[in-house]
1. Provide 113, 247, 271, 265 in ascending order of the number of other Cβ atoms located within 10 Å of each residue's Cβ, fewest first.
2. What are the ³J(HN,Hα) values, in whole Hz, obtained from phi via the Karplus relation 6.51 cos²θ - 1.76 cosθ + 1.60 with θ = phi - 60°, for each residue of the stretch 211-225 in sequence order, with x given for Gly and Pro?
3. Taking 0.36 nm per intervening residue step and subtracting the Cα-Cα distance, what contour gain separates residue 299 from residue 286 on full extension?
4. Across the stretch 168-175, in residue order, what do the Karplus-derived ³J(HN,Hα) couplings come to in whole Hz, using 6.51 cos²θ - 1.76 cosθ + 1.60 with θ = phi - 60° and x for Gly and Pro?
5. Note down the net charge around residue 148, summing +1 for each Lys or Arg and -1 for each Asp or Glu among other residues with Cβ under 15 Å from its Cβ.
6. Please list the radius of gyration and Dmax for the stretch 197-333, considering alpha-carbon atoms only, with Å as the unit.
7. Residue by residue through the stretch 282-289, what is 3J(HN,Hα) from phi via Karplus (6.51 cos²θ - 1.76 cosθ + 1.60, θ = phi - 60°)? Round to whole Hz and write x for glycine and proline.
8. May I ask which of 140/289; 304/324; 289/403; 283/321 have a Cα-Cα span longer than 19 Å here?
Amino acid sequence: MKIIIPAICLIVVSMSAQADWKESLSTGWSSVKNSSSELYTDLTGEEGEVTQALSTLSAARQKSISSWDKMEDRFADIIEVKGEKDQAPESAFFKKDKANYQDDIDALLGDVYGILNDDIVKEASNSIVQIDSTILAFQKKASQQKSKSVILIGEDKKEALKKQQQYEDDIAEYQHNREKMIEAVQIRLDEFGTELSFEQVEALLVRVNADDILAMTTIFPVIGEIASSFAKITATSGEDLNNAKKYYSMYVVLLELQLYIQERYIADLKYKYIPRIDELQNKQNNLIKTTKNEMRKASSKHKKSYSLNLKSQNTTLKAIKLYKVSMQQDLSNMSKAHRLLVEDYTLAVNTLNTVTMSSQVSNLISDSSQLFDTIMALQAPELVPFNNIQMQKEFSVLTDKIK
């Protein structure tokens, strides 16, 4: 699905501002690292290699430093494409129009998203998905051997029980590895400033939107670190308006990146996840209705089995409804956070197009740190631990179906 940044994101600054943006990219982050001795002294060696001092910084600050070279190239491309988009027609048959250029900008923002997405969290999350799939497969095989052992006798029965035990041992080992992966995610999120219990992390990881939430939880603090650095550099530039515009224009790009991430997530919730849950809920309601009808017609011999089926189906329906409520709450929270960021972005673009003193620009960027905290709090989902194993399994199965 193509994500379209809303109208305010399509505002293009004047050509002189575009020139400032391009110039800032060649010197921006180098200036941040070299000029702000408080933040970056002794971070790099003579050949630019990161020294041990880097390991003493927060995960977000480490990521902001180690990722900037790759981000810088994309930002330069974004600014160039924005300049071309400004000159393009609203619509055209034989050449690119504004919408085509916006697609290119979205693709570049997607690249930056990928660069900033934390590899440790992403790999641990992917491992947990694979482990869960393997555990389900072994549970099925163990159940099959258990069923076979009931009707078998002698050596065949022993062999079936032996295989069942082997599968159960494998399950236990995978469960242990799963716990280690959850702990790894928990520790890494804590390094980015988000403290969650083991149970909360586990509840998060079985959700269909887990990857999106994890990415935002690790990416937004990095954006905040970069913006904070820009504010400090701008504050030290006195009343140099050229420097003020350089660093503030880069801050505006960071806001566009946040908007892009939020809008992509909102679109997934509205047009992919929630509709899929509605579809599953309708199917489950129909199944329950069918089961009730068949149970009324069934003989007393079969009513108990229908009753057990109905109980299981109602548990699944309950899980679906909880899942939908969770998704709807995520959508509501993210929409609120997006509205706050839209207001800040609108002001940022207006400020960039206005001749301002660097002290005012610095204060505006600094004030955004509080906004970032508010946005992060709004975006954080309510992670209620599962009160039973069955509900956790239902969520895991539903996640696969929604995907």
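1. On the way: 113 17, 247 26, 271 11, 265 23.
With the sparsest Cβ surroundings first, the list reads 271, 113, 265, 247.
2. 4, 5, 5, 4, 4, 5, 5, 9, 7, 4, x, 5, 4, x, 5
3. Details: separation 13, 0.36 × 13 = 4.68 nm, distance 2.18 nm.
Fully extending the segment from residue 299 to residue 286 adds 2.5 nm.
4. Each residue's phi maps through the Karplus curve to give 5, 5, 4, 4, 4, 5, 5, 4 Hz.
5. Working: positive: 140, 141, 146, 157, 158, 162, 163; negative: 155, 156, 159, 168.
Computed value for this residue: +3.
6. 25.0, 88
7. After applying 6.51 cos²θ - 1.76 cosθ + 1.60, I find 4, 5, 5, 4, 5, 5, 5, 4 Hz.
8. Values: 140/289 28 Å; 304/324 30 Å; 289/403 25 Å; 283/321 13 Å.
Result: 140/289; 304/324; 289/403 exceed 19 Å.
The numbers here are math on the coordinates, done by the rules we state, and not lab data. Bear in mind the structure is a predicted one, so any value in this text is a computation, not a measurement. So basically every Cβ, Gly included, is an ideal-geometry build from the backbone, and we count neighbours across all protein chains shown.
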